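Some notes on the structure that comes next.
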Amino acid sequence: MNSPTSDPADRPVHVAPTAHAIPRPAKRGVWRSLLGVIFVIGNFVCWPIFFVIGMALALWQTRHAWFPFGRRVGRKHFWTAIGLYLSLGGLFLATIYGLAQDGDLSPLASNALYGILGVATASSGVTVAVGRLRDRDMSGWWVLVYYGLPAAPIVFVASGALPSANVALGEFVIAVFVFWGVFALGSWPGTAGPNRFGPEESFGRISAKRRATAPAAGEHL
């Protein structure tokens, strides 16, 4: 009979470390730091090219926030996107204008960049607006009302179809419709909990009080 000191069941068992337990060097962090240093130096040596590349990489990493396809968009996400449109859009426009004035960009290149910026902002705005409507359990086709009403007078004024005496009136209508469209999209609260378009967005969740009254995940409003 084995004694307690020699009992195999009481002996400590040596467990070989698994591959997951072995710490690995943070190679990704090193490469990111090196890439950041290269971009900092490049902005001084050849800043227009590295500036554009850096902004493109940043936009790509945050693409799900700019283009939330098939997702619900909360109010905080919506207003954050509006603020970034105004700030980053103004920065890009000022940068392109400055490069064009200094002769670093040809008129064709600057117009092309203006067009790309406009298309990207418009498509992102529509995608975020559709996600905001889905957060309110509404069809995304309602974006034609929220964006179509402001767009109609803008087209009339830009095309010169309005008489000169009515241009000021058209600009006033544009301001009213634009303010209404943005305010209506960003102010109404979304569905508490899941709805037919999916779960609640994790970015800027609704208050705990409204979440407590939300239906269960399997229920449908």
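Sort the following peptides by mean Cβ neighbour count (other Cβ atoms within 10 Å, averaged over residues), highest first: 63-74, 175-186.
Numbers: 63-74: 17.4, 175-186: 15.6.
Top to bottom by mean Cβ count within 10 Å: 63-74, 175-186.
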Task: Mean-position separation - Cα centroids, the range 55-99 and the range 116-144, in angstrom - done: 13 Å
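A short reminder: the numbers here are calculations on the coordinates, not readings from a lab. This one's a predicted model, so the numbers in the text were calculated from it and none came from an experiment. Using ideal geometry, Cβ is built from the backbone for each residue, glycine included, and neighbour counts are taken over all protein chains shown.
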